[in-house]
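Reviewing the structure listed below.
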Amino acid sequence: MSIERLRAIMVALRDPRKGCPWDREQSWASIAPHTLEEAYELADAIERGDAQDVRDELGDLLFQVVFQARIAEEQGLFDFDDVAATISDKLERRHPHVFGGDTVRSADEQTAAWERHKAAERIAAGSPAGVLDGITLGLPALTRAAKLGRRAAGVHFDWATPSDVLDKVAEECAELQSALEAGSSEAVTEEIGDLLFSVVQLARHVGTDPEAALRAANSKFERRFRRMEAWLAAEGRAPRDAGPDELEALWARAKQEPG
């Protein structure tokens, strides 16, 4: 099987005598940033709809899992089979409507049931039972804000409609304006955070992933700015050679281009 071949390659790379010096030196901590990078590269490939890159990036991410599991196996903690068994058990346990006798009627109902299962598991494991417990601090801030909002919504601490959240966004904009006028950098930072958090909750209410929405906005800005650079380069100039009015005109032109 391909997974067994990958595991054998990982063993060879970590061999103390004949393996790769770089691979032998790695630990959970040193590999973690690479794991995050591979996850983001996979997300980028999916965003671009490039099937070949998605396949390649899935392989890179799988290698990270095998790598981390091998490090644990060397320490006598667990191995890849244990990782696979743990996630298999969890999926079966949290899908009683598929592998048991429960019934759910919608994705929303299943999401609520999933959160209940997670909460019950945390309590059974002796973990704190707070509504917001277990939301990883290391998540991207936008993703964590959305998760915090969903957890709070699970106990009915939420706005009723997207329009209500939009009103909150407007309120936070007004408070940011007041902080800017007061000249308090600390207050400005706090209000920008509040505004971002409110915008994330608006995205949650309308069913939009804020990370994906911001990635798309970043890509759009980059495409349009590169068009501006290309037009200026055709004249032997760079953006720094153009004034604000010209740049604004070029930006308006770029927005009219397809894509």
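The values are calculated or read from the model by the stated rules, or taken from the named source; none is laboratory data. Since this is a predicted model, take the numbers as computed values, not measurements. Don't worry about glycine lacking a Cβ; one is built from the backbone with ideal geometry, like all the others, and counts go over all protein chains shown. To get the accessible areas, we keep the full protein, side chains included, count just its heavy atoms, and leave off ligands, DNA and RNA. Shrake-Rupley method; radii C 1.70, N 1.55, O 1.52, S 1.80 Å.
Observations, loosely collected:
- Test result for Gly207, at positive phi and loosely packed, with under 13 Cβ neighbours inside 10 Å: yes
- Among residues of segment 101-150 being of a type in the set (A, V, I, L, M) and open to solvent by 70 Å² or more (accessible area, probe 1.4 Å), the one that is nearest to His205 (Cα to Cα) is Ala107.
- Against the criterion of being touching a Cys at 6+ places or on another chain (Cβ under 9 Å) and basic (Lys, Arg), Arg24 does not qualify.
- Ser198 hydroxyl-bearing (Ser, Thr, Tyr), in a helix (DSSP H, G or I), open to solvent by less than 70 Å² (accessible area, probe 1.4 Å) and modelled with pLDDT of 95 or more: yes
- Selection from segment 151-162 of residues that are open to solvent by 70 Å² or more (accessible area, probe 1.4 Å) and not hydrophobic (A, V, I, L, M, F, W, C): His156
- The set of residues from segment 232-259 being more than 35 Å from the chain's Cα centre (by Cα) and open to solvent by 80 Å² or more (accessible area, probe 1.4 Å) comprises Ala234, Glu235, Asp241, Asp245.
Conditions tested, residue by residue: (1) touching a residue at least 40 places away in the same chain (Cβ under 8 Å); (2) hydroxyl-bearing (Ser, Thr, Tyr).
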residue	(1), (2)
Cys20	no, no
Ser30	no, yes
Ile46	no, no
Asp50	no, no
Val66	yes, no
Glu73	no, no
Lys90	no, no
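- The numbered conditions (1) outside any helix (DSSP H, G or I); (2) closer than 17 Å to Ile3 by Cα; (3) not basic (Lys, Arg) are all true for Gly76 except (2).
- Residue check: Thr35 meets all listed conditions (1) free of Cβ contacts under 8 Å to residues at least 12 places away in the same chain; (2) hydroxyl-bearing (Ser, Thr, Tyr); (3) open to solvent by less than 50 Å² (accessible area, probe 1.4 Å) but one, namely (1).
- Those helices (runs of 4 or more DSSP H) lying entirely in segment 85-178 with at least 1 residues among the acidic types (Asp, Glu), in contact with a strand residue (DSSP E or B) (Cβ under 7 Å, 6 or more places away or on another chain) and closer than 30 Å to Glu37 by Cβ: none
- Taking the conditions (1) loosely packed, with under 13 Cβ neighbours inside 10 Å; (2) in a loop (DSSP other than H, G, I, E, B) in turn, Gly19 satisfies each one other than (1).
- Considering the conditions (1) charged (D, E, K, R); (2) in a helix (DSSP H, G or I); (3) surrounded by 11 or more Cβ atoms within 10 Å (Cβ to Cβ), Arg5 is excluded by exactly one of them, (3).
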